[in-house]
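J.: The following block contains the structure, expressed as C-alpha cells.
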Amino acid sequence: MARSEELRFRAGNASLAGTLALPDGDGRHPWTVLVGSWLPRDRDGDWDRERHAAWYAPSAPGARAGLLGRLADALASHGVASLRYDPRGCGSSDGAWERTDLFTRIDDARDAIGAMRSRRDLDLRRTAILGHGEGATVAISVAIGDPAIGAVGLVAPPARSLRDVLRRGVGERSRTGVDREHPIVVALDRSAEELIERAERRDAEVHLDVDGADVTLELAGWEQGIHTPGLALGTMLRRNIVIAHGTTDAWVDPEESQLMADVLREAGSDPLLISIDGAGHDLVEASDDRVDEIAAALADRIVARELPPVLVAIEEMGRDG
C-alpha cells in the first residue's frame, strides 16, 4: 500500500487539496499527476458527494474506490508516486466547479506539477500525467507544453469534439439508463442540446433544473471543449502513451480511443491500447488486476527526460539541500 500525505498547493487564485501517494523506499521516485473526468468529482475520481451531495445518488454499499484512488495504489506497487487532487469547487478545494472552465483546469494541472517539482522525494526527470475523460484532454494539453513529461496515460479519452462526444453519450445513456440515477446526469442529458447551442453561440451561461434546484453553469469551458478536440491535440503529442477504455463506456464511445491511437501513431508515437471488456467509463467493473495492468504499463513507460535549464537548477538545489 502507498504511504499517503495530505497537502495543499496554489493553483492561480485558488488553493487545491490533494493526496500524494508515495511508494515504499527512499530516494527520488518517478511520479505522475492524476486528473479526473467530467462533472464534479473528488480526488479519488468518484462523484463529489461532499460539496454536491444533492447532485448524486448515494454510494452503493461496498462500492469500490474511485478510479484515481485505485490507480494511485496500483502505481505505488510499481514504485511510482502520484498526486491526485480535488478539482476546484470539489472536496476540500477552493472555488466553484460550475464556474471553472477547461483552460483553468489545464492551468491547475500545470500548477500541480509545478508544486511537486520542489520535493526531494520525486524525480524531476521521470514524470508522467494521466487523465480520465475530460482529464485526458487536460493531460494531453499539459504534456504538449512540458518537455519534462515522459509518459502520458489516457483513460477513455475523447477524440472528437465535445459536441459529438456529449451527443453520443446522451443517446447511449438514454438507451441503457447508465448513471441516470444521478440528478445532475438527468439534468445534463435533458438540456444537452440547449447547452451545445448556447455554448456554440458563446452565451455566458445555461440554467439546469437539478432535481428541482436551479443550477447555473458558465459555458466558457463547454465552448472550449467543443473547439478543443483531442484529435487535434494528439497531432502535437510525441511521448510514451498508454490508453485504456472500457467496452461499455456510456460517456465516451470506445471508438474514440481507437481514433486517438491512430492519430498518435501518425504523429510519431506508439501508444499501447488496453481494452477492458464489460467496463464502463469509471472502470468500476474492472478487476484490480486490470487496473494494475494500466498502472504497470504507465510505470514501464516513464523514462528519464532531459530537463530545461530551470528544472536542472531546481534539481541541483534539491541535491544540495
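J.: Looking only at segment 54-69, which residues are closer than 16 Å to Gly91 by Cα and either free of Cβ contacts under 8 Å to residues at least 40 places away in the same chain or small (Gly, Ala, Ser) (or both)?
T.: The answer is Ala54, Pro58, Ser59, Ala65, Gly66, Gly69.
J.: I need the full set of residues from segment 120-147 which are more than 14 Å from Leu34 (Cβ to Cβ) and either free of Cβ contacts under 8 Å to residues at least 40 places away in the same chain or among the polar types (S, T, N, Q) (or both), in order please.
T.: Thr137, Ser141, Gly145, Asp146
J.: Can you tell me which residues in segment 134-159 are of a type outside the set (Gly, Ala, Ser) and within 17 Å of Met236 (Cβ to Cβ)?
T.: Thr137, Val138, Ile140, Val142, Ile144, Asp146, Pro147, Ile149, Val152, Leu154, Pro157, Pro158
J.: While we're here: Give the number of residues within segment 264-321 that are of a type in the set (Val, Ile, Thr) and modelled with pLDDT of 95 or more.
T.: Final tally of qualifying residues: 6.
J.: Any chance segment 61-68 includes a residue that's surrounded by fewer than 24 Cβ atoms within 10 Å (Cβ to Cβ) and over 27 Å from Ala187 (Cβ atoms)?
T.: yes
Here is a yes/no grid of residues against (1) free of Cβ contacts under 8 Å to residues at least 24 places away in the same chain; (2) closer than 24 Å to Ser174 by Cβ:
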position	(1), (2)
Asp203	yes, no
Trp222	no, yes
Thr235	no, no
Ala244	no, no
Asp249	no, yes
Arg265	yes, no
Leu283	no, yes
Asp288	no, no
Ala299	no, no
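J.: Looking at segment 251-286, which of the residues that are small (Gly, Ala, Ser) and within 25 Å of Leu39 (Cβ to Cβ) is farthest from the chain's Cα centre (by Cα)?
T.: Here the residue is Gly278.
J.: Could you please tell me which pairs satisfy a Cβ distance under 7 Å, a separation of 6+ or placement on different chains, a first residue in segment 158-171 that is without any contact (Cβ under 8 Å) to a residue 40 or more places away in the chain, and a second residue that is crowded, with 20+ Cβ neighbours inside 10 Å and part of a helix (DSSP H, G or I)?
T.: If the second residue must be crowded, with 20+ Cβ neighbours inside 10 Å and part of a helix (DSSP H, G or I), the pairs left are Leu166/Ile196.
J.: Here is a follow-up. Would you call Ala139 in contact with a Gly (Cβ under 6 Å, 6 or more places away or on another chain) and either assigned to a helix (DSSP H, G or I) or at pLDDT below 95 (or both)?
T.: Spelling it out, Ala139 is indeed in contact with a Gly (Cβ under 6 Å, 6 or more places away or on another chain) and either assigned to a helix (DSSP H, G or I) or at pLDDT below 95 (or both).
J.: Return a yes/no flag: does segment 87-96 have any residue that is surrounded by fewer than 20 Cβ atoms within 10 Å (Cβ to Cβ), within 16 Å of the chain's Cα centre (by Cα), of a type in the set (Gly, Ala, Ser) and outside any loop (DSSP other than H, G, I, E, B).
T.: No; the residues of segment 87-96 include none that is surrounded by fewer than 20 Cβ atoms within 10 Å (Cβ to Cβ), within 16 Å of the chain's Cα centre (by Cα), of a type in the set (Gly, Ala, Ser) and outside any loop (DSSP other than H, G, I, E, B).
J.: I need every pair where a residue in segment 83-107 that is over 9 Å from Gly18 (Cα atoms) has its Cβ under 6 Å from the Cβ of a residue that is among the polar types (S, T, N, Q) and crowded, with 18+ Cβ neighbours inside 10 Å, sequence separation at least 6 or different chains.
T.: Pairs that qualify, where the first residue is over 9 Å from Gly18 (Cα atoms) and the partner is among the polar types (S, T, N, Q) and crowded, with 18+ Cβ neighbours inside 10 Å, are Arg88/Thr100; Asp101/Gln224; Leu102/Gln224; Phe103/Gln224; Ile106/Ser141.
J.: Just to verify a result, which residue in segment 22-34, among those that are touching a Leu at 6+ places or on another chain (Cβ under 7 Å) and surrounded by 20 or more Cβ atoms within 10 Å (Cβ to Cβ), is farthest from Ala81 (Cα to Cα)?
T.: The qualifying residue farthest from Ala81 (Cα to Cα) is Leu34.
J.: Could you check how many residues of segment 166-197 are polar (S, T, N, Q) and touching a strand residue (DSSP E or B) at 6+ places or on another chain (Cβ under 6 Å)?
T.: Summing the residues that are polar (S, T, N, Q) and touching a strand residue (DSSP E or B) at 6+ places or on another chain (Cβ under 6 Å) in segment 166-197 gives 1.
J.: OK, next. With (1) out of contact with any strand residue (DSSP E or B) (no Cβ under 9 Å at 6 or more places or on another chain); (2) surrounded by fewer than 24 Cβ atoms within 10 Å (Cβ to Cβ); (3) not in a helix (DSSP H, G or I) as the list, and Arg163 as the residue in question, which single condition is left unmet?
T.: (3)
J.: Here's another thing I want to ask about it. Give the residue, chosen from Glu172, Glu181, that is assigned to a helix (DSSP H, G or I), out of contact with any helix residue (DSSP H, G or I) (no Cβ under 7 Å at 6 or more places or on another chain) and surrounded by fewer than 22 Cβ atoms within 10 Å (Cβ to Cβ).
T.: Glu172
The values are calculated or read from the model by the stated rules, or taken from the named source; none is laboratory data. Model, not experiment: these values are computed from the prediction. Positions of Cβ are backbone-derived with ideal geometry, glycine not excepted, and every protein chain shown enters the neighbour counts.
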